[in-house]
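Taken together, the values in this text are just the output of simple stated rules run on the coordinates, not laboratory data. What you see is a predicted model; the values in this text were computed from it and never measured. Here Cβ is always computed from backbone atoms with ideal geometry, including for glycine, and neighbour counts include all displayed protein chains.
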Amino acid sequence: MATKTFQYRYALKTSPEVIYAYLSKPESYKKLSPLIHAVENIQEQHEDGLRVISYTSVEKFRFLGFIPYSNPIRIQMTFTRPNEQIVTIVRTRFGVKVDFIFELTQDTHGCLMTETITVHAPRWLAGFVMKQARQVQQVRAAALNTLT
């Protein structure tokens, strides 16, 4: 099993509250990731006093560049600090797990978002998972900058 962590920090043109509210909606991720084509089975609960949303998404991509593949993924979002931090755990087939920590801080022109991504994947699959995670992150940053 390989584990790799990478982090991005970028400025967004709107407030942390607007970004947090948008990231809090599972349906938003269809616009934030070019891979996600469906969001299903959304369930909300409270664990240890924290709001938690669990759901299933379906990613569609081409493995090795030409093999079409639909990948069901299980997602759990924990709202650790309102308007400041969301921790998301993504689990999928083949033992792949991706952890996302979204941290928002107020800035003079909107907010700064720090996104920490940790990928856990079998060695034979780790490079592909890392590449996909980086591509999605870049799309997410651009999409979030269109919010007002």
### Under 15 Å, Cα to Cα: Lys pairs in the stretch 2-144, sequence gap 8 or more or different chains
6
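Working from the pairwise distances between different alpha carbons, so that the mean of 1/r is found and then inverted, what is the stretch 1-77's Kirkwood radius in Å? Please list the in-between numbers first.
Values: mean 1/r = 0.0674 Å⁻¹.
14.8 Å is the Kirkwood radius here.
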### Summary
Least to most buried among Asp99, Asp48, by other C-beta atoms within 10 Å and fewest first, runs Asp48, Asp99
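Using a simple charge model, +1 on the beta-carbon of Lys and Arg, -1 on the beta-carbon of Asp and Glu, nothing else, what dipole does the stretch 17-137 show about its Cα centre, in debye to the nearest 20? The partial results should precede the final answer.
Numbers: 14 positive and 12 negative charges, 149 e Å.
Here the stretch 17-137 has a charge dipole of around 720 debye.
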### Query
If you take the beta carbon distance between Tyr22 and Arg91 as r and set R0 to 25 Å, what does 1/(1 + (r/R0)^6) give as a FRET efficiency, to the nearest 0.05?
0.60
### Message
Tell me the net charge near Glu115. Cut-off is 13 Å between Cβ atoms, Glu115 excluded, with +1 for each Lys or Arg and -1 for each Asp or Glu.
### Response
+1
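For Thr108 and Ala142 in the same chain, what is the full-extension length gain: residue separation times 0.36 nm, less their Cα-Cα distance, in nm?
On the way: separation 34, 0.36 × 34 = 12.24 nm, distance 1.92 nm.
Extending this stretch completely gives an extra 10.3 nm.
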### Task
Would you calculate, for the chain, the mean residue ellipticity at 222 nm contributed by helices, counting each DSSP H stretch of 4 or more residues as -39,500 (n - 2.57) and dividing by all residues, to the nearest 500?
-7000 deg cm²/dmol
### Query
What fraction, in whole percent, of alpha-carbon pairs in the chain exceed 21 Å separation?
43
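In nm, what is the difference between 0.36 nm times the number of residues separating Trp124 and Ser70 and their Cα-Cα distance?
Between Trp124 and Ser70, full extension yields 17.5 nm more.
I need to check one value: relative contact order of the chain, counting alpha carbon pairs closer than 8 Å and at least 6 residues apart, in percent.
Dividing the mean separation by the residue count of the chain yields 31 percent.
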